[in-house]
Amino acid sequence: MIRSEETICAPATAIGGAIAVIRVSGPKSLEICEKVFFPLAKNIKLSDQKGYTVLFGDICSNGIIIDEVLITVFRSPHSYTGENSAEISCHASPYIIRKILEILIQSGAVPANPGEFTQRAFFNGKMDLSQAEAVADVIASRSGSAHRIALNQMRGGFSSEISRLRHELLNFASLIELELDFGEEDVEFADREKLKTIIFNVKELSDKLAASFILGNVLKNGIPVAIVGKPNSGKSTLLNALLMEEKAIVSDIPGTTRDSIEDTIVIEGIEYRFIDTAGLRDTSDVIEAMGIKKTHEKISQASVILLIDEISDPAESINQRVQSIREMISESEKRLIILINKTDTASGDRQSELESLIRIEKNETLLFISARENSGLEELRSKLSDISYKNRLSSEDIIITNIRHYDALTRISESLGRVLSGLKDNIPEDLIAIDIRQAIHYLGEITGEITSDEILGNIFKNFCIGK
Ligand code: GDP
C-alpha cells in the first residue's frame, strides 16, 4: 500500500476551467519534470530551484511543444505531501492534460491512486488521520456550517484535543503498570484521586464529542425536511418555488448548475435537504402521495415537517390533520410547521378566522403562504433558519461528523466508565489498566497513531484522484 519510493502524478483539478493543475510528488519529482519541461530562461535548471519558486516554460514531447506552463516547486518537507513536489499549471484541454500525464509517466512517474497525495501527507506526519479525513469533507462541503466544521477539523482542532487526552492517559497507564511490576509490594505511583479526576474529565469530553455527532451529521448532510399534506394542497408547487429561488442564487456562481445539487436549499449557511421528493415531482400518482405509511416513513426521517393545507379547508379538518401528523411525530426535537397555502384565493378575513381556529402547540408554527405567488416564502425560510441548530454552534465548538470517530468515542466512554466504577469498587489494578489501555487504543485510532491497512484503505478509497 505504501509506495513512497515512487513518484506519483495526477490532475488535481476538475475538467471545465481554463487552467488545470497537475501534481507530481515523490523523490524524483523534480528530475522527472526536468526531462519534459524547458524553462524560458535557458540558464535555469528546475532541479536547482528552491521551494516555492515558480518557473515559466514549455512542456515538450519528442521536440514538440505540448503547452506553455507554470511549474511551482515544493521542497521536502514544505509541501502538501511532505515530499519534493511540483505543480504544473497548464491549459485545461483534456488533450493537454492527458499528454502531459503520459510524458510524465514515460519519464518515470506512476499514476496516483485516489487520495494518495493525502495518504502520503499522513504517513509523512504532515497531518493526522482525522485531519486527512477532513480534507475530503472540506472539498465536499456545500454549506457554511459544514465547511466550518470540516476546516476546523482539517486544521487540527479536534486532533490536538484527542492527542492531549491520549498522552495524559498514557502517563497514568504507565504508572499503574509500574505498580503491577512491583507485584506484592504495596506501592502506589499513580495518585488515585488525580487519576479519577483525569479519567472523569476525559470521559466527559468524550461523551460530549460523541453527543455532537447528531448535530454534526445533520450539518454535514443537511437538515432533513419532509413536505406532507393531502393531494393538490400545493406540495410540489412549494418545493419548486423554494428550489427555484435556490437555483437563482446558485446559478450566479459560475460553473454551477442547480442539477448537480439535489433538492437542497441553503439558508444562512445551513443546508436543508428535502427528503423523498420523487412522489412530489410525479403528481399524477395521487394515491401514492396520500399513503399513510409513506407519510409515516417520511416523518420518521425528517427533523422538520412541513404540513400543507389549503386556505379553503374547514378549520376542523385542518385541526384533525395536524393532530394526526402530531401523533406520528415521536421525538420531541422534531419541529412541525403548518402551512396554509393558496392565500391568493381568499380574503384577509378568512386568514384571521383560520388563525383563531387552528390550534397549535409548543414547538409548532403556523404560516400563511401562496406557493404559486411566492408569498410568505421569505417568512418560511426565516422560520426554518430560526428553528435550526445554528444558534447552538459557535466557531470554537468541536463537532464531530464522522461515524468512525463516533464509534471510537463511544468505546472510549464505555472503557472509561468501567475504569471509574472499578476505582470506586477497588477493583484490581490490572483490570483497570486493561480498560485504560483500551481507551488509549481507541483515542489513537481516531488520530491514526494506531491504524490498520483496512482502516486506511477504507478512508482513502473515498478520495478523488489528485487529492
Ligand atoms: P400537490 O399534489 O400537493 O403536490 O399539489 P400541486 O403542487 O401539484 O398543486 C395542486 C394545484 O394547486 C396545482 O394546480 C397548483 O397550480 C395549485 N396551487 C399550488 N399552490 C397554489 C397557490 O398558492 N395558489 C393557487 N391559487 N394555486 C396553487
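The values are calculated or read from the model by the stated rules, or taken from the named source; none is laboratory data. The model shown is predicted, which means the values in this text are computed figures rather than measured ones. Cβ placement follows ideal geometry from the backbone for every residue including glycine, while neighbour counts extend to all protein chains displayed.
Going through the stretch 77-113 one residue at a time, which ones are touching a Ser or Thr at 6+ places or on another chain (Cβ under 9 Å) and surrounded by fewer than 16 Cβ atoms within 10 Å (Cβ to Cβ)?
Within the stretch 77-113, GLU102, GLN106, GLY108, VAL110 qualify.
Would you tally the residues in the stretch 300-318 being crowded, with 17+ Cβ neighbours inside 10 Å and either of a type in the set (Ser, Thr, Tyr) or more than 16 Å from the ligand (Cβ to nearest atom) (or both)?
Going through the stretch 300-318 one residue at a time, the tally reaches 3.
How many residues are surrounded by 13 or more Cβ atoms within 10 Å (Cβ to Cβ), in a helix (DSSP H, G or I) and modelled with pLDDT of 70 or more if we restrict to the stretch 270-295?
Number satisfying all stated conditions: 2.
Give the residue that is surrounded by the fewest Cβ atoms within 10 Å (Cβ to Cβ), with candidates limited to residues of the stretch 325-336 that are under 27 Å from the mean Cα position of the chain (by Cα) and either in contact (Cβ under 8 Å) with a residue 12 or more places away in the chain or within 15 Å of the ligand (Cβ to nearest atom) (or both).
That would be SER332.
So, of the residues in the stretch 424-467 that are free of Cβ contacts under 8 Å to residues at least 24 places away in the same chain, surrounded by fewer than 16 Cβ atoms within 10 Å (Cβ to Cβ) and of a type in the set (D, E, K, R), which turns out to be nearest to ARG3 (Cα to Cα)?
Only one residue fits best here, namely GLU454.
Could you check ILE103 against (1) among the aliphatic types (A, V, I, L, M); (2) assigned to a strand (DSSP E or B); (3) over 29 Å from the mean Cα position of the chain (by Cα) and say which number it fails?
(2)
Within the stretch 245-261, identify whether any single residue is within 16 Å of the ligand (Cβ to nearest atom) and either at pLDDT 90 or above or out of contact with any strand residue (DSSP E or B) (no Cβ under 8 Å at 6 or more places or on another chain) (or both), and answer yes or no.
no
Quick one: how many residues across the stretch 100-124 are of a type outside the set (Val, Ile, Thr), in contact with an Asp or Glu (Cβ under 8 Å, 6 or more places away or on another chain) and over 13 Å from THR7 (Cα atoms)?
Counting residues in the stretch 100-124 that are of a type outside the set (Val, Ile, Thr), in contact with an Asp or Glu (Cβ under 8 Å, 6 or more places away or on another chain) and over 13 Å from THR7 (Cα atoms) gives 2.
Has the stretch 216-235 got at least one residue that is within 16 Å of the ligand (Cβ to nearest atom) and of a type in the set (Ser, Thr, Tyr)?
Taking every residue of the stretch 216-235 in turn, at least one turns out to be within 16 Å of the ligand (Cβ to nearest atom) and of a type in the set (Ser, Thr, Tyr).
Identify, by number, the condition in (1) more than 20 Å from ALA12 (Cβ to Cβ); (2) part of a helix (DSSP H, G or I) that VAL138 doesn't meet.
Among (1) more than 20 Å from ALA12 (Cβ to Cβ); (2) part of a helix (DSSP H, G or I), VAL138 violates only (1).
Would you check which residues across the stretch 298-324 are within 26 Å of GLY222 (Cβ to Cβ) and out of contact with any helix residue (DSSP H, G or I) (no Cβ under 7 Å at 6 or more places or on another chain) and list them?
If the condition is that a residue be within 26 Å of GLY222 (Cβ to Cβ) and out of contact with any helix residue (DSSP H, G or I) (no Cβ under 7 Å at 6 or more places or on another chain), then LYS298, SER300, GLN301, ALA302, LEU306, VAL322 are the ones that fit.
Being part of a helix (DSSP H, G or I), closer than 30 Å to THR447 by Cβ and without any contact (Cβ under 8 Å) to a residue 24 or more places away in the chain: is that true of ASN171 here?
When the stated conditions are applied, ASN171 passes them.
Is it the case, given these coordinates, that ALA14 is hydrophobic (A, V, I, L, M, F, W, C), within 24 Å of ALA136 (Cα to Cα) and either touching a residue at least 60 places away in the same chain (Cβ under 8 Å) or part of a strand (DSSP E or B) (or both)?
no
Please enumerate the residues belonging to the stretch 337-364 that are in contact with a Lys or Arg (Cβ under 7 Å, 6 or more places away or on another chain) and either away from the ligand (no atom under 16 Å from the Cβ) or aliphatic (A, V, I, L, M) (or both).
Within the stretch 337-364, ILE337, ASN363 qualify.
Is one or more of the residues making up the stretch 397-410 within 30 Å of MET244 (Cα to Cα) and of a type outside the set (Asp, Glu)?
Checked the stretch 397-410: at least one residue is within 30 Å of MET244 (Cα to Cα) and of a type outside the set (Asp, Glu).
Only one of (1) touching a residue at least 24 places away in the same chain (Cβ under 8 Å); (2) assigned to a helix (DSSP H, G or I); (3) away from the ligand (no atom under 15 Å from the Cβ) fails for LEU239. Which number is that?
(3)
Can you name every residue in the stretch 365-383 that is within 15 Å of the ligand (Cβ to nearest atom), of a type outside the set (A, V, I, L, M, F, W, C) and closer than 16 Å to LEU336 by Cα?
GLU379
So which residues in the stretch 195-219 are more than 20 Å from GLU414 (Cα to Cα) and surrounded by fewer than 23 Cβ atoms within 10 Å (Cβ to Cβ), if there are any at all?
Passing the criteria: LEU215, ASN217, VAL218.
Got at least one residue in the stretch 202-211 being aliphatic (A, V, I, L, M), modelled with pLDDT of 85 or more and within 16 Å of the ligand (Cβ to nearest atom)?
no
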